[in-house]
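Below you'll find the structure, written out as structure tokens, and then a few comments.
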Amino acid sequence: MKPKLLVIGGSGHVGGLILPFLAEQYTLTVFDLKEPTLGHWVPGDVRDFDALKAAGQGCAKLLYMAMGNHDGSTHPTAQFDVNVTGLYLALRAAQAAGITHAALTSSMSVYEQLGQRFFWDEDAEPDAHHHYGLTKRLGEEVARSAWRQWGISVNALRLCLPVTEETWQSLAQEGRQDIHTEASDVARAILAALEYAFGGYQAFMISGDWQEKRMNMSKAKAMLGWEPLMRDDKQP
């Protein structure tokens, strides 16, 4: 029997890309305002602690992704609700439900000037000030605190522009593929992050930048056994 995975925010863009891959290894419980493409749907709001705790009962692990509002709002208030408050409540509820490990879809948007500098490693201090990147920064601190306070190990994946295989191929053919990450590579990173539960809190840069022109992803390769397989010169 496959272990149960609680996926929070699985009905969005990234969820649509990766749920088919996750379903191969986990029985999915998807907590979201909108119905997902796969898995057992539990309608709910991330600001509802009791609903989060109930959804986590019997689940082995937690995957926290962005959950939008019904109206798709990107207002700062909505971003703080999802990426900070909601994440805090979800991790607290997971701990109360007996879950001890989680993966978090963070973003390279935690940094300013993403396309204008090279990122040597994950120790570069996040410095984003736009409300989206700022809330992702704060979300990583929430995850770090969850490990220190509640003993929940969390791997935060700083994703870069997840796209479908078709979009990735089109960008590559046009010579515009840079840091976009193809769906199967994103899914492999998330699966690896769910499997690796030995590092307390860790952040990883995850990108389709297979030549590492923009960022050094050796940490993900060393600890998660992950590197992007979709490449311009050699398709998997």
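Taken together, the values in this text are just the output of simple stated rules run on the coordinates, not laboratory data. Source: prediction; values computed, not measured. Counting neighbours? That spans all protein chains shown, and the Cβs are built from the backbone with ideal geometry, glycine included.
Applying a DSSP loop filter and a limit of 13 other Cβ atoms within 10 Å to the trypsin sites (Lys or Arg not before Pro) in the range 38-118 leaves ARG47, ARG117. Using the alpha-carbon positions of the chain, Rg (one decimal) and Dmax (whole number) come out as 16.7, 50 Å.
Less than 5 angstrom separates the built amide H of TRP41 from those of VAL30, all sequence-distant by 5 or more or on a different chain.
Taking the longest Cα principal axis of the chain as reference, the axis of helix 131-150 is set at about 60 degrees. If you take the alpha carbon atoms of the range 13-91 and fit the smallest convex hull around them, that volume is 85 Å³ per residue. If I fit a long axis through the Cα atoms of helix 13-22 and take the longest principal axis of the Cα atoms of the chain, what angle between them do I get, 0 to 90°, rounded to 10? So the inclination is approximately 80 degrees.
Taking other Cβ atoms within 10 Å as a rough exposure proxy, MET230, MET217, MET1 sort from fewest to most as MET1, MET230, MET217. When the C-alpha to C-alpha distance is required to be over 25 Å, the pairs from LYS34/LYS136; LYS2/LYS219; LYS136/LYS221; LYS61/LYS219 that qualify are LYS2/LYS219.
Packing-based ranking of 104-110, 158-164 yields 104-110, 158-164, ordered from highest to lowest mean Cβ neighbour count within 10 Å. In order along the range 96-102, the Karplus-derived 3J(HN,Hα) couplings, from 6.51 cos²θ - 1.76 cosθ + 1.60 at θ = phi - 60°, round to 5, 8, x, 7, 10, 9, 9 Hz, and Gly and Pro are given as x. Excluding same-chain neighbours fewer than eight residues apart, the aspartates and glutamates reachable from LYS4 by a Cα-Cα span under 14 Å are GLU24, GLU195. With both residues required to sit in the range 4-224, DSSP beta bridges show an antiparallel share near 0%. Taken one residue at a time, the phi angles of the range 198-211 give Karplus couplings (6.51, -1.76, 1.60, θ = phi - 60°) of 10, x, x, 9, 9, 10, 9, 7, 10, 8, x, 6, 5, 8 Hz. Gly and Pro are set to x.
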